[in-house]
Structure formats: structure tokens, C-alpha cells
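The values are calculated or read from the model by the stated rules, or taken from the named source; none is laboratory data. Since the structure is predicted, the reported quantities are computational estimates derived from the model, not experimental observations. Every residue, glycine as well, gets a Cβ built from its backbone with ideal geometry; the counts of neighbours run over all protein chains shown. Surface areas here come from the heavy atoms of the whole protein model, side chains and all, with no ligands, DNA or RNA. Shrake-Rupley method; radii C 1.70, N 1.55, O 1.52, S 1.80 Å.
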Amino acid sequence: MFRLQARWSHYALLAVAHLLMTLPNLGAHSLWDMDEGINAEAAREMLESGNWITPYFNYELRTGKPALMYWFVCFSFQIFGVNEFAARLPSVIFGLGSLLVTYELARKMFSPSTGLIAALALASCFEFCLISHAATPDSPFVFFLTSSFYLYWIGSEGNRRSWFVPFGAATGLAVLTKGPIGLGMPGLVILAHLAWTGRLKTLWDRRLLYGALAFFLVAGPWYGFVTLD
């Protein structure tokens, strides 16, 4: 029997809603935003040169953003060819991921129906649809941020402290996507939450060092290699 409360049916509904708002005509129009053009060309040059460490634009060093977004676009180019559709597809995929993580977080905090409503509300936001349709780092950045909050929430339930390592890994990926704000933003939010709930002493735990290690293992190698390159 079909159950509206079933997770798989909610996933299917969210996927259909998101893909209907993002996939049609995804590659039909040119890269209209300046950032789209720069990101797509930087990824194309990375693929052409075989240098997946240091980003270039117009064959000049590009220091504006870390490399993770370019890697996703490069993989898409390798599969679908160098075109507008391939440049934008990673943002569509990460947009869907953000919806599913939002759903899981609200489902965990409240109920399945609340999770569905929260994710549908996010899917209907104009700005969210826009970044899920553009060849920019915003969509993967939102996904990694949302994931870091979800990992914190499920890992800190009942005053548990199992969130340090997965949170460190998620924020490391966010930093690889858009720089230090990937750690600063979720770090400040969680610090404020711990202070508000009187649980700052949670941070006095050696597992915080493991979380820091996970962060540096994820984000550190690229920053180290690009510095030496």
C-alpha cells in the first residue's frame, strides 16, 4: 500500500519537483552570468592542461575560488562533453542533495511531513532554483553547509559527541568549495547553539582534535599542493 509518510515516496516527490524546475532547457541558453562563464572556462582549461591543482582562467592564475567546483565540472565535461548542460549539471545534482539533507534534518527534528514541507519550501525558493541552475560553487557549497548542520545535529543528540569527525570532513569540503567561510559560518552557528543550550563544555573533548584532523586531511592537501605549485 502506498504510504505518503514513506521516505522513498518523499524522496521521489522531491526529486521530481527539483528536476522539473532545473533540468528543462538546462543547456539551451548560453552561460549568461559572468561567474558561470569564468567557472566553466577555468574547468575547461583545467581539463585541457591536465593540471587539476592550480586553476587558470584565460591561461592566467585564478585565485578567486578553490578547485572543488572545477573538479565537478571537469568530471561532467568528461561524461557529457564541454557544453552548457555539462557545466551546470553538478549544481543540479548538489541542489537535489541539499533538498534531501534538509528533508532528513527536518524529519529527524520533527516529523516526516515536516521534512517534506521544509524541503519543498526550499525547492520553491527563487534563489535556490537559480543557484541550482548555474555553473557556480553556490549549490555544492549549500549542500556541504547543510550536511555539516545535519551531521552536527544527529551526532549531538542526547549530548553525544560523535559529530566532530564527520562535521570536520563536511566543512573541509565546504572550504574546498568556497574558502574559509565554509568553516567560519557553520562553526559560528554551532558555537552559538552550544552557548545558547549551555553545552560549551562539549568542546572540551579530545575528539575535537580528531575533527580538526579530519578537516585538515580533507581541505589541507589541495591548499598545500597549490601553494607549492
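Residue 226 - would you say it is part of a helix (DSSP H, G or I) and either in contact with a Leu (Cβ under 6 Å, 6 or more places away or on another chain) or modelled with pLDDT under 95 (or both)?
Values: part of a helix (DSSP H, G or I): yes; either in contact with a Leu (Cβ under 6 Å, 6 or more places away or on another chain) or modelled with pLDDT under 95 (or both): yes.
Criteria met by residue 226.
If you scan segment 106-127, which residues turn out to be open to solvent by 10 Å² or more (accessible area, probe 1.4 Å), among the aliphatic types (A, V, I, L, M) and either touching a residue at least 40 places away in the same chain (Cβ under 8 Å) or in contact with a strand residue (DSSP E or B) (Cβ under 9 Å, 6 or more places away or on another chain) (or both)?
Hits for segment 106-127 are 109, 116, 120.
Being touching a Pro at 6+ places or on another chain (Cβ under 9 Å) and either among the small types (Gly, Ala, Ser) or closer than 18 Å to residue 138 by Cβ (or both): is that true of residue 173 here?
yes
State all residues of segment 8-27 that are open to solvent by 80 Å² or more (accessible area, probe 1.4 Å) and at pLDDT below 90; if no residue qualifies, say none.
The one that is open to solvent by 80 Å² or more (accessible area, probe 1.4 Å) and at pLDDT below 90: 25.
Quick test of your reading of the structure: residue 170 fulfils all but one of (1) within 26 Å of residue 62 (Cβ to Cβ); (2) at pLDDT below 95. Name the failing condition by number.
(2)
Under the condition of being in contact with a Phe, Trp or Tyr (Cβ under 7 Å, 6 or more places away or on another chain) and not aromatic (Phe, Trp, Tyr), which residue from segment 60-73 is most open to solvent (accessible area, probe 1.4 Å)?
For segment 60-73, the residue satisfying everything is 62.
Does segment 75-105 hold any residues that are closer than 13 Å to residue 46 by Cβ and surrounded by fewer than 22 Cβ atoms within 10 Å (Cβ to Cβ), and which are they?
Within segment 75-105, 75, 77, 78, 82 qualify.
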